[in-house]
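The structure under discussion appears below in the form of structure tokens.
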Amino acid sequence: MDPKRRAAEGALSFLEGARIVGMGTGSTVMELVGLLEPDDRVYVASSAETALALARRGFRVAHPSTVRSMDVYVDGADEVDGNLDMIKGRGGALTMEKLLASHSKSRVFIVDESKLVSALGERGGVPVEVLPEAIGMVEGRLEEMGLRYSERTCQGKRGPLASDTRGYLLDVEVPRGADPRELDARIRSIAGVVETGFFLGIADVVVVGYPDRTRLLTRGREATRDGGKRRGRPACARAAAS
Ligand code: 5RP
């Protein structure tokens, strides 16, 4: 089975009992949308893509401004390290994703095994959303800090890509050996930066899909869904090792 679909299946049990569900963005989340059965939950989407997909399948979608919090948030990720810290936002939805994740009682991330890394930034830069008016000033500060970046552009439109929250997106290279927390703080200290794609200490559970099984990674323990269950060994050691 497709590992993304398997990871999405692994998230279903975390939705049990949830009334208000935050939904992330991306192809793995789309697998989950396809698996959901009609229900009376309220969904809050992190992007237009997800909101439309849910609405078209007949689910109730609430505008984020109308809810106080969500029971559970489910999303994909671009990179997951051994501490369950993540880079997100390569689909451009990082600001809404962090907002919804931060206001949810629990947070579940669904990834295929290719997303596990030993160090964040291994597969690409960290997405950074910037106030459009600030793009030049932010780029200037990044250069002063010695950080390399590229502007995100898209097909079918010239110039910078604007996110659903209307910010421009930069992908900032993560220098080899950089401490994600320190780098995150430096980037966020620049006026005009709206949000970064570093999701540090946010994941409660990461469901990793493989062709033949899933693994549940939490900070304290791990369980497999091929029948076996392992406890007591820090998930952080295992995620990077796979
Ligand atoms: C979008 C995201 C996505 O969660 C991330 O890009 C993973 O996407 P996919 O499930 O398609 O691999 O952060 O902004």
Just one of the numbered conditions (1) surrounded by fewer than 19 Cβ atoms within 10 Å (Cβ to Cβ); (2) within 24 Å of Leu170 (Cα to Cα); (3) not polar (S, T, N, Q) is not true of Ala55; which one? (2)
Going residue by residue through segment 158-169, is there one that turns out to be farther than 19 Å from Glu97 by Cβ, over 23 Å from the mean Cα position of the chain (by Cα) and outside the structural domain of Glu79 (by TED's automatic domain parsing)? yes
I'm trying to understand the selection: among the residues of segment 114-144, which are surrounded by fewer than 20 Cβ atoms within 10 Å (Cβ to Cβ) and in contact with a helix residue (DSSP H, G or I) (Cβ under 6 Å, 6 or more places away or on another chain)? Ser118
Just checking, does segment 33-45 include any residue being in contact with an Asp or Glu (Cβ under 8 Å, 6 or more places away or on another chain) and surrounded by 21 or more Cβ atoms within 10 Å (Cβ to Cβ)? no
Keeping to segment 142-166, report how many residues are under 25 Å from Glu122 (Cβ atoms) and not hydroxyl-bearing (Ser, Thr, Tyr). 10
Of (1) more than 15 Å from the ligand (Cβ to nearest atom); (2) surrounded by fewer than 18 Cβ atoms within 10 Å (Cβ to Cβ), Ser27 satisfies all except one. Which? (1)
Can you report the number of residues in segment 185-210 which are touching a residue at least 40 places away in the same chain (Cβ under 8 Å), more than 20 Å from Val108 (Cα to Cα) and not in a strand (DSSP E or B)? 5
Among the residues that make up segment 114-129, is at least one of them farther than 14 Å from Gly89 by Cα and in contact with a Phe, Trp or Tyr (Cβ under 9 Å, 6 or more places away or on another chain)? no
Elements of type strands (runs of 3 or more DSSP E) contained in segment 39-141, each with 2 or more residues being charged (D, E, K, R) and either at pLDDT 95 or above or within 15 Å of the ligand (Cβ to nearest atom) (or both): 70-75, 104-112
Among the residues of segment 1-22 satisfying the criterion of being free of Cβ contacts under 8 Å to residues at least 60 places away in the same chain and touching a Phe, Trp or Tyr at 6+ places or on another chain (Cβ under 9 Å), which is nearest to the ligand (Cβ to nearest atom)? Val21
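The values are calculated or read from the model by the stated rules, or taken from the named source; none is laboratory data. The structure displayed is predicted, hence computed values, not measured ones. Here Cβ is always computed from backbone atoms with ideal geometry, including for glycine, and neighbour counts include all displayed protein chains.
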